[in-house]
Structures are given as structure tokens and as C-alpha cells.
1. With a point put 7 Å past each Cα toward its Cβ, work out how far residue 355 is from residue 107 in nm, to one decimal.
2. Quick one: length gained pulling residue 209 to residue 365 fully straight, 0.36 nm per residue minus the C-alpha distance?
3. Report the gain in length on full extension from residue 226 to residue 406: 0.36 nm times residue separation, minus Cα-Cα distance, nm rounded to one decimal.
4. If a paramagnetic tag sat 7 Å from the Cα of residue 423 along the Cα-Cβ line, which residues of segment 370-399 would have the backbone N under 15 Å from that point?
5. Taking the Cα-to-Cβ direction at residue 180 and at residue 310 and moving 7 Å from each Cα, how far apart do the two end points lie in nm?
6. Indicate, rounded to the nearest 5 percent, the antiparallel portion of the DSSP beta bridges found entirely in segment 192-325.
7. Packing-wise, with mean Cβ within 10 Å as the measure, how do 140-153, 298-311 rank, highest first?
8. Sorting 369, 199 on the 10 Å Cβ count, fewest up front, what's the list?
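Each reported figure results from applying straightforward, stated rules to the coordinates on display, with no laboratory input. Predicted model only: the values in this text are computed from it and were never measured. Glycine gets a Cβ as well: all are built from the backbone with ideal geometry, and neighbour counts include every protein chain shown.
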């Protein structure tokens, strides 16, 4: 599940499919105005148009069921739990009960994956609020006042947000303080249209177990006026803050974080405990946003892996090493592969911090790395894969197959791309044993799944 970088992938594929349907329908109508066949051709054209429209409607009903349910069940706006629900677009299921949204996610997983194996009952949260340990706020001016919030869905129009039902409440309070400080320190917010202004974003990470808090101030230049006094004022208002980092993003880009960072206070990272392991988390590191559900998800993944203490395990897309280090407590050897060098740096530190000598991390493309392993004659017993929302490409999947693992534990935040990848793996000699959905993103349309695929006996 990688939350920010995994969000946008399904929309284009939906539109592409719909567009293709429309194009196909249009092509079928060419030449149908010939007067000689008038009525017959008109009927054919109507039938074909209806058929195309029915296909498109069916597709839309299947792929946007959540939106239709939302429209049919939506309560009065005055009764909504969040005043920004219709503006923000981040909580598609906020009008529903927990049971209703779990039922929709269960159905979605079954529709996409049950053709390969049984889909088990989804694991939800008892208290599905304020679970996000990573909070991002964009800053701007509206009506002469400093505002912070999120972009309205599909736009760069800022929706001011005071509090959010999904975000850690400590983060909301810190962001409110920063708004006041910007005004008192007369610091200008960044204007995306003109490219002028200094203060762009705030990123806050909160640790579920340790309680540590990181505040990342994202600026358009490396100079923060009255830097020391600003930091002092922020610390005074929120002594719970563990570290403050200044990140420089001086490019016209939709990316939140830039490359350059300076630690203004603390050690520049926070630590959290997950599944019995302690993890170092920096500003750019991937870390699952829902710690409570992640522990339950990883416990199921370890159960499916069936580790006995002797296995060679590959953790592909390893990030800061969360899955790999949990596996290392039960395996003989673990190899983690990740393209993001910042994440690998954290992963190495994490292994040392937990005194794990049976795990190694490599900064490399996982597919290329595993292909090289296979060429060298190496094999793996178990492969963990947790790709981005776009899923894995065929080259990566082919590299997994070359290693001949007995079991593949596939964690996904997008059942659609997971279904595509499972189809490929089943054709390459693997059998899907079962899928277990987890609700890591309550009140949104997203669902996380973990699937076990076992190599068939030759």
C-alpha cells in the first residue's frame, strides 16, 4: 500500500477503457446513412449504439459503484460528519456506516479476484478515525488570510481544512499553530500561478507507538526568515514535537518534497515500533499510514509465508525494510531491494538498530536485481512484493518467476492491478491460494489485500 504515489493510476485506465468503447461505437456507425438501406441501417445503428452505451453503462456501474452508492445514500449536508466532505473528495465513504463501506470493499475484492481463489472476509477497524500517521497540508492565501488544507479532487484549488476525521489530531493542532505563526512572522505563502512566495507545504509524521512527531516545513527557498525564533515559537506551542526539518522545493512541480533538507531541531527523523521491530522514519521514507491495520496485515503476511527459520526471502519494494525485518525474525536470510536510496539508508540503519545480522539491503531496481540473481543461479524460497498502485510490470514479474520461489506473498493497495499480475503468475506455474482484504484506508474507496501464490509441482 504507498499512499501518495499510488493514488492516481486507476483513473486514466478507466477513462481509456470508456474512450475506447465510445470510439468503437463511433466506428461501427460509419456509412450507416446510406439512403438505399435507410430504415434497416438506422435500426442497426440504433442497436449498435444501444449496445455500446449499455457496455459503457455496465462498465461505469461496475467501476464507480462507490459513487452511485454515495449518491443514493447521501445524507443532508447539514448532517455530514465533515463540513468539507463534498469539497475535498478525499473521503468517498464518509456518509456510510463502517459496515456499509466494508461490504462495498469486500464486493470489490471479490469481483476482481475471486476468479483466481477464495476471497476471505475483510478485516476492518473498530475505531476508523484519526488513523493517518502522515499528514500533508498545502498553504496559501484566501481573502487576505493564511489558509491550509488540501487540494479539491482533480484540481489545485485549495480547500481550507481546520480538522480532519482521518488525520492524527496532533498534526491538525500543529498545522493550526503554523498558520498563526506565518501571519505573525509575516511569511508569505507560495503562489502556484505566479511562482512567488516562500511557504509551500507542511508534512507531519506521527509515530503510533513512541509518540514521536516530525514536522517538515517545505519552502520555495532555503532561507526561512527569523528561523530560530520561528522554531522556538513552534516548540513552545507544541513541546511534543521531536524534530523539525526544512525541505527546499524550488521547482514548479506537483511533488511535495524537494531534494535538499536541513534539520532545524532534533535528529531529523522519528522512530516507531511495528510488529516488535523499531524503525527509523525520515521525511521521504515510505511507511504505511495506518499503523494499527498494518500490524494485522503483516501478521497475516508472515503466516502465509510459512517461515521456519531456514528460508531465503526476498523483500521487493522493501522501502525502509518493514516487511523484510519482520520476516528476518522468522527466516534464515532476507534480501531487501529498493530503488529509493533514502529509504535504503533508513533500512540499513533499522537493521543495525534492531541488531539483525541476517538481512541485507540493496539500492537497485528489484526486477533487475532478481534477474541478476537468477542468472547467477540463485533461488529464493519466498518473495514478498508490495508494489505501488500501478502494480508490477511484466519484466518484474518475470524476474520473480526466474527465482523459482515456492511462495509469493503479494501485498497490494489496488486489487485491479493485482488481478492483472495474478493472471500473469498463474500462467507461469503459480496457484493463488487465497486473498485476505484489509481496510487500511477507512472512509476512502481504497482497499489493501494480501494474496498467497504457491508454485505448482512440476
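1. Spacing of the two 7 Å Cα→Cβ label points: 5.2 nm.
2. Values: separation 156, 0.36 × 156 = 56.16 nm, distance 3.16 nm.
Here the segment from residue 209 to residue 365 would lengthen by 53.0 nm.
3. On the way: separation 180, 0.36 × 180 = 64.80 nm, distance 5.86 nm.
Gain on stretching residue 226 to residue 406: 58.9 nm.
4. Hits in segment 370-399 for residue 423 at 15 Å: 391-394.
5. Output for this residue pair reads 6.3 nm.
6. 75
7. On the way: 140-153: 15.2, 298-311: 16.9.
Ranking, from highest mean packing down: 298-311, 140-153.
8. Values: 369 19, 199 23.
By the 10 Å Cβ count, ascending: 369, 199.
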